[in-house]
1. Could you tell me which of the residues 110, 105 is outside the structural domain of residue 311 (by TED's automatic domain parsing), touching a Phe, Trp or Tyr at 6+ places or on another chain (Cβ under 7 Å) and not acidic (Asp, Glu)?
2. Go through the range 78-93 and give me each residue that's outside any loop (DSSP other than H, G, I, E, B) and either touching a His at 6+ places or on another chain (Cβ under 8 Å) or surrounded by fewer than 17 Cβ atoms within 10 Å (Cβ to Cβ) (or both).
3. Out of the residues in the range 52-66 that are under 16 Å from residue 199 (Cβ atoms) and surrounded by fewer than 22 Cβ atoms within 10 Å (Cβ to Cβ), state the one that is nearest to the chain's Cα centre (by Cα).
4. Pick from 38, 57: which is in contact (Cβ under 8 Å) with a residue 12 or more places away in the chain and in a loop (DSSP other than H, G, I, E, B)?
5. Is one or more of the residues making up the range 170-192 hydroxyl-bearing (Ser, Thr, Tyr) and under 24 Å from residue 56 (Cα atoms)?
6. What is the residue count in the range 105-149 for residues that are touching a residue at least 24 places away in the same chain (Cβ under 8 Å), part of a strand (DSSP E or B) and over 26 Å from residue 77 (Cβ atoms)?
7. Looking only at the range 210-220, decide whether some residue is outside the structural domain of residue 130 (by TED's automatic domain parsing), in contact (Cβ under 8 Å) with a residue 24 or more places away in the chain, crowded, with 20+ Cβ neighbours inside 10 Å and not in a helix (DSSP H, G or I).
8. So which of 272, 227 ends up being modelled with pLDDT under 95 and assigned to a loop (DSSP other than H, G, I, E, B)?
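The values are calculated or read from the model by the stated rules, or taken from the named source; none is laboratory data. It should be emphasised that the depicted structure is a prediction, and the values quoted were computed from it without experimental measurement. Backbone-built Cβ (ideal geometry, glycine too); neighbour counts: all protein chains shown.
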Amino acid sequence: MSEQQIHRAAANESPYPPPQAVRDAVAAASTRINRYPEVYPTELARAIAAHHGVPVEQVAVGAGGAGLIQQMLHLVARGRRRGEVLFAWRSFEGYPLIAEGMGVPVRRIPLRGHAHDLDAMARAVRRRTKLIFLGSPNNPTGTAIRQDELDRFLARVPRRVFVVLDEVYRDYATDPATADGLATLAGHPNLVVLRSFSKSYGLAGLRVGYAIGHPGPIAGLRGVTMPFLVPEVAQAAAIAALAVEPEYAARRRAIAAERDRVTRALRAAGIPVPDSEGNFVWLPLGERTAAFEATCRAEGLLVHAFPGEGARVSIGLPESNDLLLKVASSGTVAGP
C-alpha cells in the first residue's frame, strides 16, 4: 500500500483545504507567534456574535467542541457533591471519555433505533442530574433531533439541569425539521448550544469551538477558561472563515449532495443506512464490521469502526466516496 493513496474517512474532517482568504489570514498571523495571544479571544467572540446576531455576552470560545465540553464538565464537577451527566449511547465518544477522566459520574441512555430516545432521557433525570448532552446530528449515527422533539424535551427537563445541544455538525443538515438550537434559546435559560470550526469550516487542526447561551451560563464557561487558550493563528483563521461564509456554504451543499448519493447507493447494496444530517454515514453492520473495516483499509480507505456495532464513514470527495461504494458492493458486507 506504500504507493496507494490513503483516503481519510475516519474523523469527519473536511476534505477541502482552507480557502485562500483563510490561508492568507493564517500566514499573516504566523509572523506574530512569538507573542502571546489575547488572554481571552474577545475579537473572535465579537465576530461569532455578529455572525449569529447575538450579544457577545452570549458567546464563549474554547479549544474546539471537546474543550468546551471539558469546561462544562468542570462546572458540574465543582462542589462537595458532583452532579451526574446524561447522554445518549451510542453518541460522541468524548462525552464519557472526558467526564470519567474528571471523575464526573455518567449515565448512558440507549438510542431508540439510531436516534435519541428523548422520552427515556427525560424520565431518567433525577436529583443528581446536572447536565445533559444531546448530539444533533448525532455522532456516529448521523440522526438529527427534530424541532418539535426538542421543544417537548426542554419542557420536561427541570431548569436546574443544563442541556447542551451539541450542534457541531448542524451546518450540514438539510432537513428543515432539524432542531435549531440558536432559534430555541429564548425562554430556555438552561440551554447551551455548542458549535465548532473544526467540521464545516475545515479548521480541525486549529481547535476552535464556541458555545452560545444565556449570559449566566456563558459567564460560567468564561470563568473556567484558561488564559491564552486560543492561539492568534487560530483566531485569525476563524474570523477569516466567517467572512467567506458563501464559499463554505457551497462546500457544505456539495458534501450534503454526496452524502445523499452515498446513502442511496448503500441502501441499494442492502445496507440499512439511517438518514444522516452530518458529513458522515453510519453503516450498522454488527458482526460484519471488522471485515468491512479490513477491506476498506486494504483499499486505502480509513473508516471509524465500532466493533460489533457498525462503522462511521466520513463523506469526502467523490473518489473517496466511490471507494466506499466499491467495498460495499463487493459482497464483503452482504447480510442475510
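1. Working: 105 fails: touching a Phe, Trp or Tyr at 6+ places or on another chain (Cβ under 7 Å).
Among 110, 105, only 110 is outside the structural domain of residue 311 (by TED's automatic domain parsing), touching a Phe, Trp or Tyr at 6+ places or on another chain (Cβ under 7 Å) and not acidic (Asp, Glu).
2. Restricting attention to the range 78-93, the residues satisfying the condition of being outside any loop (DSSP other than H, G, I, E, B) are 84-89.
Within the range 78-93, 88, 89 meet the criteria.
3. 66
4. On the way: 57 fails: in a loop (DSSP other than H, G, I, E, B).
38 is the lone residue from the list that is in contact (Cβ under 8 Å) with a residue 12 or more places away in the chain and in a loop (DSSP other than H, G, I, E, B).
5. We begin by selecting, within the range 170-192, every residue hydroxyl-bearing (Ser, Thr, Tyr); these are 172, 174, 178, 184.
Of the ones still in play, those that are also under 24 Å from residue 56 (Cα atoms) are 184.
Taking every residue of the range 170-192 in turn, at least one turns out to be hydroxyl-bearing (Ser, Thr, Tyr) and under 24 Å from residue 56 (Cα atoms).
6. Here the count works out to 2.
7. At the first step, the residues of the range 210-220 found to be outside the structural domain of residue 130 (by TED's automatic domain parsing) are none.
No - not one qualifying residue is present in the range 210-220.
8. Working: 272 fails: modelled with pLDDT under 95.
After applying the criteria, what remains is 227.
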